[in-house]
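S.K.: Before we start, here is the structure in question, set down as structure tokens.
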């Protein structure tokens, strides 16, 4: 049995034996964007430097409303970074990820040990950044962190999703000819993919359902599933329940499914699931494609608060993807 | 019989685009082909239409695998016999992730960026199409080896001699110098080399290599050139007959429009494709599948900047135009097309039926008077009378109601409220309360039937009735996807509500009006959800929600039914040239088929040019407004529409929220 190196940050980091890290994170209107920096004050997380990603959304009412929260969080992040040297990478939400999140900008000092905090980095950016950091020979240790939110509002979280397209760095390289198996990560928002699911000429359709979900999240997950499920789904449609934070389990399952045929991956679910899908895609030798519909605006209260553990500290999960130059998935 | 995966013959809406070739043969309706014979001609053709209009279906007819399936099943291929000497190759831009070509544009020097992106895209496209053409030749050769009678008009000869001649010719061709490695021995080798070239591109676009492959830099060609030379070499060498046309399909061209919007690369991708057409090279002919907005907005060619000329550089097959209803229903193609599609689906499901299967399944649409009876049932007269009206009139109208003529009663009430009658104080005149003067003009009644019914249903909290063959055709708005969505939903409703009948599967079902009402309501919600996909999805959803509710409010509030045409709006044409923020949203709604646009001949004295818009008919059940267009629409302005848009609360992800916004509870099924 292989060990899956993930768990709470204060459990995982000491086991890496890495003394100091370069942190890549992003500012946001979500309060939890400061979680990792709050944590750095409380657990053994020594930062040598940091990169702060700042994305500007296209003009919208949501974006205007989000400004006060963004300013407040940026101020808090600057204060928490205190003596830590940091650089800021600014860009637009709809820009090509490669124009912003290349190792040269994310890790300008070529640090060996990097934490990529994906908490508030949009999926298309953090998946590309993860891929680039994994491929970088200069990065020997890579840990992904994710801070859980206290709650999500009962409303549409984002708007105006672009049509689904292959994510940069995750397009299929060559097809076997057989129609791909479509694997959909279930989240809260359909993001314009209903037609893709409906049209998919897949003879196999899989939904990955985060489990156990917290109430009322389970209801919203089921709502989305009901929305996406074709009226008369293929007979071999399966719903797979996977722990909502277990990126490694997702990766393992998809790697196994992708051995025999091409797979299309739609990461609508929790970010750790998206991470797991991208990890698997990197191992499937160009036979997997990760598709995503980028929303053009996000609700200013996309999430509220930071989930706390029993001792009142932010609940942050960490995933070690590379240790001492060795890939762990 | 095709093994459909599901009991519902209409389950797979996209069957002619996604199922295998054998299924295509069984399900493809050839009715459109007579209006689209240019498809098999030697010129360039743009197949244009809204989503679901059948563009990909038509282009897929050209595929070699489809033609082989026709031949194997001994089904007549639906192209004129004289125009079957062709072979086709194609690319579906979404599937091939054409958007990736833009992915590393920011790494290119700014002063050369456009030029290099254009060169990469042109060459990537050349590689994809050339590779697919070779694949099709090899596939056909294998099929003809098994059965020499297959596609005898395109007899493939892969003898050592023809292959050698072909390779010699190809190596002499300018665009192929460096395009593939030297010393290849066969078509198969060339196919493999082209696949390698495509992989090199994908590897670079996917960041698996840091440097742009050098071998590609030196061997890029302008769009179209390698394919033209390949086609010529195939013919001249004798690999395929000298009279074989090479038709190159580029489907989902609108993908490029969407890509350009988000990459700051101007219109470079579409211009590259235009440049291939602009060459007027007779050696190949292109078939472009696109939506109206993606084609019409830029038809200049990369390099020269010269615009393409319709009819000269290319011809257009406009599917919406072909299927649209004209002034008169006579000669309207869509109902025939829809009936043929239904018949093929039923055949494929093993439900063979002689006669009009549409009429058997859906029946005839209910007459207005019947619908009115269903709405009111056996309830007491609920019409509202003015206190001043003569008792004889009230009694007469109530009698009409109680005698089972609630629609006549409603017309009586409405007629008395109209300006002419009010001026003449007809409602005060007891002596006239004995006949149905509103029937003197058949147009008066015809124009008001639907609004009167809507008001009757609204007063009783009833869902509107849509049923019967004619109404189902009307609701589809000459879009085959909308039509299939209705069929699918009604069939699924019938299965759900009549499990015992559905199990038998021996006869064609006869859907009850109730099943149709529920199924159509579900189809309408599905259609509304489609707005939430595509460009400006949220703004479009918001505008459509606002308009739908506005139309309903106006028609419910028009107690004299003086404006029965207020299910649409009209704007001065010059308002659309303004920079008002709603203009692009209205245009996006039109382009996506959420709104149906047409010229409006104004009744105003100034005769200023106007345009009018109506919701797609399939959206009408959701908003419970009539789908019939009659009389004058609402004359409005962008400022009034802006108020409607701004007052529309942010639309939710599902259509139900639109209904919940109204202060009405659960709707009843009329008369059931």
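The values are calculated or read from the model by the stated rules, or taken from the named source; none is laboratory data. The model shown is predicted, which means the values in this text are computed figures rather than measured ones. For neighbour counting, all protein chains shown are included, and Cβ atoms are generated from backbone atoms with ideal geometry for every residue, glycine included.
S.K.: For the structure I just gave you, tell me whether residue A:95 is surrounded by fewer than 21 Cβ atoms within 10 Å (Cβ to Cβ), at pLDDT below 90 and not in a strand (DSSP E or B).
M.R.: The answer is yes for residue A:95.
S.K.: Quick one: how many residues across region B:26-48 are within 21 Å of residue B:340 (Cα to Cα) and part of a loop (DSSP other than H, G, I, E, B)?
M.R.: Of the residues in that region, 3 qualify.
Yes or no, residue by residue, for (1) touching a residue at least 24 places away in the same chain (Cβ under 8 Å); (2) more than 18 Å from residue B:11 (Cα to Cα); (3) more than 10 Å from chain A (Cβ to nearest Cβ); (4) touching a strand residue (DSSP E or B) at 6+ places or on another chain (Cβ under 8 Å):
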{"position": "B:518", "(1), (2), (3), (4)": "yes, no, yes, no"}
{"position": "B:535", "(1), (2), (3), (4)": "yes, yes, no, no"}
{"position": "B:544", "(1), (2), (3), (4)": "yes, yes, yes, yes"}
{"position": "B:548", "(1), (2), (3), (4)": "yes, yes, yes, yes"}
{"position": "B:551", "(1), (2), (3), (4)": "yes, yes, yes, yes"}
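S.K.: Give the residues of region A:128-168 that are at the interface with another protein chain (Cβ under 9 Å from one of its Cβ atoms) and either within 15 Å of the chain's Cα centre (by Cα) or under 17 Å from residue A:26 (Cα atoms) (or both), sorted by residue number.
M.R.: Passing the criteria: A:128, A:131, A:132, A:168.
S.K.: Are there helices (runs of 4 or more DSSP H) fully within region A:213-329 with at least 1 residues that are at pLDDT below 90 and buried (at least 20 other Cβ atoms within 10 Å of the Cβ)? List them.
M.R.: A:217-228
S.K.: While we're looking at this one, here's another question. Only residues that are more than 11 Å from every other protein chain (Cβ to nearest Cβ) and crowded, with 18+ Cβ neighbours inside 10 Å: list them for region B:205-218, please.
M.R.: B:216
S.K.: Quick check, is residue B:394 more than 40 Å from the chain's Cα centre (by Cα), assigned to a helix (DSSP H, G or I), buried (at least 18 other Cβ atoms within 10 Å of the Cβ) and free of Cβ contacts under 8 Å to residues at least 24 places away in the same chain?
M.R.: yes
S.K.: Out of all the residues in region A:165-176, which are surrounded by 22 or more Cβ atoms within 10 Å (Cβ to Cβ) and in a loop (DSSP other than H, G, I, E, B)?
M.R.: A:167, A:168, A:169, A:170, A:171, A:172
S.K.: Return a yes/no flag: does region B:80-96 have any residue that is within 14 Å of chain A (Cβ to nearest Cβ), surrounded by 20 or more Cβ atoms within 10 Å (Cβ to Cβ), without any contact (Cβ under 8 Å) to a residue 40 or more places away in the chain and within 24 Å of the chain's Cα centre (by Cα).
M.R.: The answer is yes, given that some residue of region B:80-96 is within 14 Å of chain A (Cβ to nearest Cβ), surrounded by 20 or more Cβ atoms within 10 Å (Cβ to Cβ), without any contact (Cβ under 8 Å) to a residue 40 or more places away in the chain and within 24 Å of the chain's Cα centre (by Cα).
S.K.: Based on this model, can you work out whether residue B:486 counts as assigned to a helix (DSSP H, G or I), buried (at least 19 other Cβ atoms within 10 Å of the Cβ), within 14 Å of chain A (Cβ to nearest Cβ) and modelled with pLDDT of 95 or more?
M.R.: So residue B:486 fits the description; yes.
S.K.: Do you know which residues across region B:249-268 are within 14 Å of chain A (Cβ to nearest Cβ) and assigned to a helix (DSSP H, G or I)?
M.R.: Within region B:249-268, B:254, B:255, B:256, B:257, B:258, B:259, B:260, B:261 qualify.
S.K.: So, residue A:116, is that one part of a strand (DSSP E or B), within 14 Å of the chain's Cα centre (by Cα) and either buried (at least 18 other Cβ atoms within 10 Å of the Cβ) or not assigned by TED's automatic domain parsing to the domain that holds residue A:315 (or both) or not?
M.R.: yes
S.K.: Can you find even one residue in region B:337-345 that is surrounded by 15 or more Cβ atoms within 10 Å (Cβ to Cβ), without any contact (Cβ under 8 Å) to a residue 40 or more places away in the chain and touching a helix residue (DSSP H, G or I) at 6+ places or on another chain (Cβ under 7 Å)?
M.R.: yes
S.K.: Now for a separate question. Please report, ordered by residue number, the helices (runs of 4 or more DSSP H) entirely within region B:499-595 with at least 1 residues that are over 30 Å from residue A:165 (Cβ atoms).
M.R.: Qualifying helices (runs of 4 or more DSSP H): B:499-504, B:513-531, B:537-557.
S.K.: Let me ask something else. May I ask you to verify whether residue B:89 is modelled with pLDDT of 95 or more and over 30 Å from residue B:119 (Cβ atoms)?
M.R.: no
S.K.: I would also like to ask the following. Being more than 25 Å from residue B:170 (Cα to Cα), assigned by TED's automatic domain parsing to the domain that holds residue B:171 and free of Cβ contacts under 8 Å to residues at least 24 places away in the same chain narrows it down to one residue among B:253, B:262; which is it?
M.R.: Of the residues listed, the single one that is more than 25 Å from residue B:170 (Cα to Cα), assigned by TED's automatic domain parsing to the domain that holds residue B:171 and free of Cβ contacts under 8 Å to residues at least 24 places away in the same chain is B:262.
S.K.: Next question, about the same structure. In region B:269-322, what residues are in contact with a helix residue (DSSP H, G or I) (Cβ under 7 Å, 6 or more places away or on another chain), surrounded by fewer than 22 Cβ atoms within 10 Å (Cβ to Cβ), assigned to a helix (DSSP H, G or I) and assigned by TED's automatic domain parsing to the domain that holds residue B:63?
M.R.: B:292, B:293, B:294
S.K.: Only one residue in B:230, B:194 is away from every other protein chain (no Cβ under 14 Å) and buried (at least 23 other Cβ atoms within 10 Å of the Cβ), so which one is that?
M.R.: B:230
S.K.: Restricting to region A:177-197, and then to whatever is assigned to a loop (DSSP other than H, G, I, E, B) and modelled with pLDDT of 75 or more, can you tell me which residue is nearest to the other protein chains (Cβ to nearest Cβ)?
M.R.: Checked region A:177-197; the qualifying residue nearest to the other protein chains (Cβ to nearest Cβ) is A:179.
S.K.: Out of B:127, B:99, I need the residue that is within 14 Å of another protein chain (Cβ to nearest Cβ), under 34 Å from the mean Cα position of the chain (by Cα) and either surrounded by fewer than 23 Cβ atoms within 10 Å (Cβ to Cβ) or closer than 20 Å to residue B:286 by Cβ (or both). Which one?
M.R.: Of the residues listed, the single one that is within 14 Å of another protein chain (Cβ to nearest Cβ), under 34 Å from the mean Cα position of the chain (by Cα) and either surrounded by fewer than 23 Cβ atoms within 10 Å (Cβ to Cβ) or closer than 20 Å to residue B:286 by Cβ (or both) is B:127.
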